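Chemist: Structure provided below as structure tokens; questions to follow.
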Amino acid sequence: MSVFTRSRADREALLLPELADLTAHHRANSEGYERILASLGIEPSASFGSIADLPWLPVRMFKTHDLKSVPDSEVFKTLTSSGTTGAGASRIYLDKEAAGAQTKQLGATLQEVLGGERLPMLMVDTIGIIKNRRSFSARGAGVLGMANFGRKHTYVLDENDQPDVEAVKKFLAEYGDKPFLIFGFTFMVWQYLYEVARDHGLDLSNGTLIHSGGWKKLIDRAVDNTEFRRRFKEDTGLTRIHNYYGMIEQIGTVFLEGPSGNSLYCPDFADVVIRNPETWAEQPVGEPGVIEVVSTLPRSYPGHVLLTEDLGVCNGIDDGDWPGKHFSVLGRLPKAEARGCSDTFSGAAA
């Protein structure tokens with residue numbers, strides 16, 4: 001059953017009451033969240049006219065504050081993000097129910113492009129990344145989470161992070177004539193799969209690639225999304241390529257690139273708001289701004305309405321591959337601006 005079915009109007013009608021209830025739930029169960037909203041002057045009785053009216057938290061808050069809406073005794077899993085920004089790592093607390101829901105909804109989202117069958121899977125990473133189960137990096141968590149959707153996993157990199165060309169050739173000899181799955185982070189997919197496949201004349205035409213992560217390192221090589229897709233198609237035969245956008249602070253919710261490329265779509269339980277960085281009003285289609293991600297999944301911590309530190313633009317509404325808003329990520333906010341977004345709140349949460 002598809003989770004890419006709701007128009008913008010349907011989303012507003014169906015998600016808004018659920019998100020307003022979630023806001024009340026988190027206020028009642030997270031002292032830190034209640035303090036933040038109270039200090040912003042948002043009354044518990046406040047009503048919200050649209051999804052864009054809901055109060056948001058800067059994603060950075062999860063690096064500096066312990067925010068959870070379940071008692072410590074019910075915390076089943078704690079996830080930590082990669083703390084590359086210098087502000088430490090985000091801590092995300094899941095109870096058993098939340099952990100189950102995020103896995104289920106991630107599966108439902110990806111099923112849209114993977115189908116119902118678990119396919120042989122090429123992992124563009126090293127098996128070493130998932131060996132330490134106790135302290136996962138965001139990359140390790142991503143690899144492990146995606147591994148669930150495939151079988152017969154083959155890792156493209158050896159233990160020394162070097163491409164294992166023979167392993168890839170063996171995988172393709174065994175499974176390459178039928179549908180198979182490829183997963184990796186965008187830069188690694190380019191460097192360790194595309195370049196190897198091109199140089200060795202490998203045929204990836206039966207594959208479906210799911211990839212994620214920033215474009216920054218590739219832009220330095222003059223490779224954007226269009227060029228990435230074009231070169232894979234011309235040099236390896238791979239045409240089923242889906243980028244996705246997601247973050248550990250809203251685990252289980254991913255915004256998936258549609259079949260025709262260059263736009264990300266919201267699953268039915270999520271939405272996106274592009275905000276003007278000066279006025280915080282919602283931007284019209286075509287006007288860049290700061291990306292806010294909205295999801296009904298986070299119940300064990302107040303991560304249902306998050307202002308990211310990414311710039312994006314809404315490309316259209318109800319006029320793409322799937323219904324609802326579709327958007328592109330343009331890159332990270334400059335550091336000072338990202339800090340400015342969260343400084344509004346730092347006094348509130350002290």
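The values are calculated or read from the model by the stated rules, or taken from the named source; none is laboratory data. Fair warning: this is a prediction, and the values are worked out from it, not measured in the lab. Counting neighbours? That spans all protein chains shown, and the Cβs are built from the backbone with ideal geometry, glycine included. Protein only, heavy atoms only, side chains kept; ligands, DNA and RNA dropped before computing areas. Shrake-Rupley method; radii C 1.70, N 1.55, O 1.52, S 1.80 Å.
Chemist: Calculate what fraction, in whole %, of the accessible area of segment 138-269 sits on carbon and sulfur atoms when a 1.4 Å probe is rolled over the protein chains.
Modeler: Carbon plus sulfur share of accessible area: 48 percent.
Chemist: Quote to one decimal, in nm, the extra length available between K217 and D235 on full extension: 0.36 nm per residue of separation minus the C-alpha distance between them.
Modeler: Here the answer is 4.4 nm.
Chemist: I'd like the accessible area for D72, computed on protein heavy atoms only with a 1.4 Å probe and all protein chains in place. Round to 10 Å², please.
Modeler: Approximately 120 Å² of D72 is accessible to the 1.4 Å probe.
Chemist: Looking at the chain, send over the antiparallel percent of its DSSP beta bridges, to the nearest 5.
Modeler: On the way: 30 of 52 bridges.
Percent antiparallel among DSSP bridges in the chain is about 60.
Chemist: Accessible area of H200, 1.4 Å probe, to the nearest 10 Å²?
Modeler: Result for H200: roughly 90 Å² accessible.
Chemist: Which of these values of semi-axes √(5λ) of the Cα gyration tensor in Å was calculated from the structure shown: (1) 35, 22, 19; (2) 50, 22, 16; (3) 49, 18, 16?
Modeler: (1)
Chemist: If you don't mind, another one. With all protein chains present and a 1.4 Å probe, how do M1, M247 order by accessible area, largest first?
Modeler: The most accessible residue leads, giving M1, M247.
Chemist: For segment 104-244, what does the alpha-carbon gyration tensor say about shape, rounded, prolate or oblate, given a ≥ b ≥ c as the root eigenvalues, a/c under 1.5 as rounded, and a/b over b/c as prolate?
Modeler: Details: a/c = 1.21, a/b = 1.15, b/c = 1.05.
It is rounded, given that a/c, with a ≥ b ≥ c, falls under 1.5.
Chemist: In segment 104-244, what percentage of the DSSP-assigned beta bridges are antiparallel, given to the nearest 5?
Modeler: Of the beta bridges lying entirely in segment 104-244, close to 5 percent run antiparallel.
Chemist: May I pose another question? Is there a quick way to get the dipole size of segment 104-244? I mean about its Cα centre, with the Cβ of Lys and Arg at +1 and of Asp and Glu at -1; what is the value in debye to the nearest 20? Don't jump to the answer; show the numbers that get you there.
Modeler: Values: 20 positive and 18 negative charges, 114 e Å.
Dipole magnitude for segment 104-244 comes out near 540 debye.
Chemist: Before anything else, pin down the relative contact order of the chain: Cα pairs under 8 Å, at least 6 apart, normalised by residue count, whole percent.
Modeler: 20
Chemist: Under 12 Å from the Cβ of D319, count the other residues' Cβ atoms, weight Lys and Arg +1, Asp and Glu -1, and hand me the total.
Modeler: Every neighbour counted, the sum reads 0.
Chemist: For segment 104-244, with the dipole built from +1 on Lys and Arg beta-carbon atoms and -1 on Asp and Glu ones, taken about the Cα centre, which of G213, F183, L106 lies farthest toward the positive end?
Modeler: L106
Chemist: To the nearest 10 degrees, how steeply does helix 8-29 sit against the main Cα axis of the chain, on a 0 to 90 scale?
Modeler: 60
Chemist: Quick one: helix 165-175 against the long Cα principal axis of the chain, what's the angle to the nearest 10°, folded into 0 to 90?
Modeler: It works out to around 90 degrees.
Chemist: Toward the positive end of the charge dipole of the chain, about the Cα centre and with charges on Cβ (Lys, Arg +1; Asp, Glu -1), which of P71, L172, G88 goes farthest?
Modeler: With unit charges placed on the Cβ atoms, the residue in question is L172.
Chemist: Tell me, what is the per residue accessible area of the chain in Å², probe radius 1.4 Å? Intermediate values should be presented prior to the final figure.
Modeler: Numbers: 15530 Å² over 350 residues.
The answer is 44 Å² per residue.
Chemist: Starting from the Cα of V165, step 7 Å along the direction of its Cβ; do the same at D53; then give the gap between the two resulting points in nm.
Modeler: A separation of 6.2 nm, rounded to one decimal place.
Chemist: Just read off the accessible area of K152 with the full protein assembly in place, 1.4 Å probe, to the nearest 10 Å².
Modeler: K152 has an accessible surface of roughly 110 Å² with all protein chains in place.
Chemist: Got a sec? What order do E31, E12, E74 fall in by accessible area at 1.4 Å, biggest, i.e. largest, first?
Modeler: E31, E74, E12
Chemist: Sticking with this one: Any chance you could give the angle, 0 to 90 degrees and rounded to 10, that helix 96-114 forms with the longest Cα principal axis of the chain?
Modeler: Orientation of helix 96-114: about 50 degrees from the principal axis.
Chemist: Continuing with the same structure: Summing -39500 (n - 2.57) over the DSSP H runs of n ≥ 4 in the chain and dividing by its residue number, what mean residue ellipticity at 222 nm do you reach, to the nearest 500 deg cm²/dmol? Walk me through the numbers before you get to the answer.
Modeler: Working: 10 runs with 112 residues, N = 350.
Calculated mean residue ellipticity at 222 nm is -9500 deg cm²/dmol.
Chemist: Separate question: Grab the other residues whose beta carbon is less than 15 angstrom from that of H25, score K and R as +1, D and E as -1, and report the net.
Modeler: So the environment of H25 carries a net charge of -4.
Chemist: Another question, then. Taking Cα centroids, how far is segment 267-317 from segment 1-71 in Å?
Modeler: 12
Chemist: Where does the charge balance sit around R8 when Lys and Arg score +1, Asp and Glu -1, over other residues with C-beta under 14 Å from its C-beta?
Modeler: -4
Chemist: In debye to the nearest 20, how big a dipole does the chain give about its Cα centre with +1 on each Lys and Arg Cβ and -1 on each Asp and Glu Cβ?
Modeler: Roughly 780 debye, rounded to the nearest 20.
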